Amino acid sequence: MSRIEPTLQALQAQGRKALIPYVTAGFPFADITPELMHAMVAAGADIIELGVPFSDPMADGPVIQKAGEKALACGIGMAQVLDMVRTFRQTNATTPVVLMGYANPVERYELKHGPHSFARDAAAAGVDGVLIVDYPPEECEAFAANLKAHGLDLIFLLAPTSSDERMAQVGRIASGYVYYVSLKGVTGAGHLDTAAVEAMLPRIRQHVQTPVGVGFGIRDAATACAVGRSADAVVIGTKIIQLIENAPREQVAAVAGEFLHGIRQALDALRA
């Protein structure tokens, strides 16, 4: 079992919502990521989503695309991302880490290191879950089984356009949590309809037994709280990338931590 399920169960028992920040590995500086991860945990992050840079992303908006391009220019690939997780694990053995990205870097890694090497090496590095945007549930049961054999969760996206059939497919395979994309579009869009999110979550829960996190379009404490009233977890990425993009090296971790601390306080205020 990964660290994700017990972490979310403990939060639910406390009546708290999970805060899941996303950052692109190797951004804005190639060597900043482990330090940034520790700062986010100190600020109240419960799970960290670490973006694996890729040259042709489908779901990422311009802010995260730009971050990925900068990380790629610094030579950040899957092997370097796993090294970052190993470094983080030297002093943090408890916070779940999820790799979020696309099929190509995973498949390239396995071409170089051998079949099934990704799950083996990710687990050894300390990864807990994987979200591959372009692996639909009907085409990755073998991949899911291999991850599970190494104690890793496979996390799927659901969207406002997802059918009941797709939700049921995800529900059969997904573990850890399901990531509900709160709007039609890419990351960083600004037209979040929190009422529509609240109406969608009961429908998702008819098919999915794992906790449901909500992301895309959450930019501040107000939108985080609006989503957190009905979701199990709140995922924030683009706003963090924007905040740290031009920060001096020595201030990156503090800038991200200060922002997340405010979100954490707001979410904890939702407790009954």
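The figures follow:
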item: Under 23 Å from residue 239, Cα to Cα: lysines that are on another chain or at least 8 residues apart; result: 17, 66, 70, 184
item: Derived scalar couplings ³J(HN,Hα) [the stretch 236-250; Karplus, 6.51 cos²θ - 1.76 cosθ + 1.60; whole Hz; x for Gly, Pro]; result: 10, x, 4, 4, 5, 4, 4, 5, 8, 3, 10, 6, x, 3, 6
item: Proportion of all alpha-carbon pairs of the stretch 4-267 beyond 23 Å (%); result: 47
item: For the stretch 192-272, fraction of C-alpha pairs farther apart than 20 Å, in %; result: 39
item: Viscosity 1.306 mPa s, 10 °C: Kirkwood-radius Stokes-Einstein D of the stretch 1-112 over Cα pairs, µm²/s; result: 108
item: Length gained when the stretch residue 139-residue 94 is fully extended (0.36 nm per residue, less Cα-Cα span); result: 13.1 nm
item: Calculated FRET value between residue 72 and residue 173, using beta carbons and R₀ = 45 Å, to 0.05; result: 0.90
item: FRET efficiency for residue 245 and residue 123, using Cβ-Cβ distance with R0 set to 41 Å, rounded to 0.05; result: 0.80
item: Contour minus Cα-Cα distance for residue 13 and residue 195 (0.36 nm per residue); result: 63.0 nm
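Read-outs throughout are calculated quantities, based only on the coordinates presented, and are distinct from any laboratory measurement. Note that this is a predicted model, so its numbers are computed, not measured. Neighbour counts run over all protein chains shown; Cβ positions are idealised from the backbone, glycine included.
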